[in-house]
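K.L.:
One structure, as structure tokens, below. Some questions next.
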Amino acid sequence: MEKAFPTVLSVLCMSVSVEPWGRASSGESVDLFTICDEITVKVSNYGGTITSIRAPDRGGVLNEVVLGFDAIDGYLGSPFYHGATIGRYANRIGGGRITVDGEEFLLPLNDGVNHLHGGFHGLDKRVWSPEIIDDTLQLSYLSRDGEEGYSGNLKVSVTFRVIGDRLEIDYQATTDKPTVVNLTNHAYFNLGGGETILDHLLWLDADSYSPVDESLIPIGAHQNVRDTPFDFTAPTRVGARINDPDNQLDLGNGYDHNFVLNQIGNPQIILTEPSSGRVLEISTNMPGVQLYTGNFLDGSDVGRDEPMGFRSGLCLETQYFPDSPNKPDYPSTLLRPGEKYIEKTVYRFTVTN
Ligand code: GLA
């Protein structure tokens, strides 16, 4: 009798299941995969997009913790990269110019004077080949030489696995010509379902961040967070200083900045939503994280329940630093033939009282 409950649960919650989900703009049909254990995650092979994560609150009630749409149409029409896998180069490349082994490449300028999130048709808008391998969803995509201006045939694979209270995302890529790679996920978290994320508490194991110019490209040198609104080295309300008079906050219209992870301790990022008690802990082996407080969200996207308004979700995009190809002092994002890009980010959902 005592054993019956877990058995029933495991029947209800197969580790990876699949359903048809509609068509991408290209006409290709796409699927929606449900991966579950203590949390339930939905991922589509359209853009490698996380459409839903349901995690328990302190009373055990499962609810949505990311912004998203139930139907694919919402994703096709949105400029906001909801939950998507971002590449080939997550974040901005200044002037869309990169030089690889002395050869210059011009990437499409889809963000004013800059290249953002892999261009007009980045990995977020591609249909990936799915494969279920045991309890893991593997999505693969071949980005051809020249796609969105980048060099080399880049073979990318991203796996999604749920174990207990953790979602693990593994990124891998190989190339046949030298190129740059920086992959991330663009989920907007809102752990409590409130109108904004301003009451979430954030802790970042980051003693410095990357100040930006007016086009949001890092100026180069990192700045110590001490005595600035960018100090999250103790858990702090996201909204506590977001409207402070501060030139960097003005440029981003809030937080839209790279933080340099100290690389000590594990996790390096903890987000807490006091009313539900939900806690998200993020661990990564990437050197940085973009804290983006949904400052461009304007209510034009209507998600599962309601319009996604200004600052209704926040992104914690684990990444190599923005514009690294043009910043020799930043950790390199160069990938050469014979090398393997391997990165991992783990999201753990727990509760606090
Ligand atoms: C990133 C950028 C933001 C914005 C969003 C998409 O997180 O840093 O400036 O472009 O993506 O809306």
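K.L.:
Check N114 against each of (1) over 19 Å from the mean Cα position of the chain (by Cα); (2) away from the ligand (no atom under 16 Å from the Cβ); (3) surrounded by 14 or more Cβ atoms within 10 Å (Cβ to Cβ) and name the one condition it does not meet.
P.N.:
Single failed check for N114: (2).
K.L.:
I'd like to verify a number: residues in the stretch 248-274 that are within 16 Å of the ligand (Cβ to nearest atom) and closer than 15 Å to F321 by Cβ, how many?
P.N.:
Looking only at the stretch 248-274, we keep the residues that are within 16 Å of the ligand (Cβ to nearest atom), and these are 248-260, 269, 271.
Right, trim to closer than 15 Å to F321 by Cβ and you get 256-260.
The total comes to 5.
K.L.:
Taking the condition over 25 Å from K344 (Cα atoms), out of contact with any Phe, Trp or Tyr (no Cβ under 9 Å at 6 or more places or on another chain), open to solvent by 10 Å² or more (accessible area, probe 1.4 Å) and among the basic types (K, R), does R237 pass? Let's see the steps before the verdict.
P.N.:
On the way: over 25 Å from K344 (Cα atoms): yes; out of contact with any Phe, Trp or Tyr (no Cβ under 9 Å at 6 or more places or on another chain): yes; open to solvent by 10 Å² or more (accessible area, probe 1.4 Å): yes; among the basic types (K, R): yes.
Yes.
K.L.:
Show me the strands (runs of 3 or more DSSP E) found entirely inside the stretch 21-109 where at least 1 residues are surrounded by fewer than 22 Cβ atoms within 10 Å (Cβ to Cβ) and hydrophobic (A, V, I, L, M, F, W, C).
P.N.:
On the way: elements: 29-36, 40-44, 49-56, 62-64, 97-100, 103-106.
Counting at least 1 such residues, we get 29-36, 62-64, 97-100, 103-106.
K.L.:
Right, S300: crowded, with 23+ Cβ neighbours inside 10 Å, within 16 Å of the ligand (Cβ to nearest atom) and more than 16 Å from the chain's Cα centre (by Cα) or not? Can you show your working first?
P.N.:
Working: crowded, with 23+ Cβ neighbours inside 10 Å: no; within 16 Å of the ligand (Cβ to nearest atom): yes; more than 16 Å from the chain's Cα centre (by Cα): yes.
It is false that S300 is crowded, with 23+ Cβ neighbours inside 10 Å, within 16 Å of the ligand (Cβ to nearest atom) and more than 16 Å from the chain's Cα centre (by Cα).
K.L.:
Here is a follow-up. State whether one or more residues within the stretch 333-352 are more than 15 Å from the ligand (Cβ to nearest atom), under 20 Å from L198 (Cβ atoms), in contact (Cβ under 8 Å) with a residue 24 or more places away in the chain and of a type outside the set (G, A, S).
P.N.:
Yes.
K.L.:
How about the stretch 70-92: which of its residues are of a type in the set (D, E, K, R) and more than 21 Å from L314 (Cβ to Cβ)? Lay out the reasoning, then the answer.
P.N.:
Applying the first criterion (of a type in the set (D, E, K, R)) to the stretch 70-92 yields 70, 73, 88, 92.
Those that are of a type in the set (D, E, K, R) and more than 21 Å from L314 (Cβ to Cβ): D70, D73, R88.
K.L.:
For a quick check of your reading: which strands (runs of 3 or more DSSP E) sit entirely within the stretch 123-180 and have at least 1 residues that are within 17 Å of V43 (Cα to Cα), more than 17 Å from the chain's Cα centre (by Cα) and of a type in the set (D, E)?
P.N.:
Working: elements: 129-133, 136-143, 154-163, 166-175.
Counting at least 1 such residues, we get 129-133.
The values are calculated or read from the model by the stated rules, or taken from the named source; none is laboratory data. Keep in mind the model is a prediction, meaning the values are calculated, not measured. No Cβ is skipped: glycine too gets one built from the backbone with ideal geometry, and neighbour counts run over all protein chains shown. Only protein heavy atoms, including side chains, enter the accessible area calculation; ligands, DNA and RNA are left aside. Shrake-Rupley method; radii C 1.70, N 1.55, O 1.52, S 1.80 Å.
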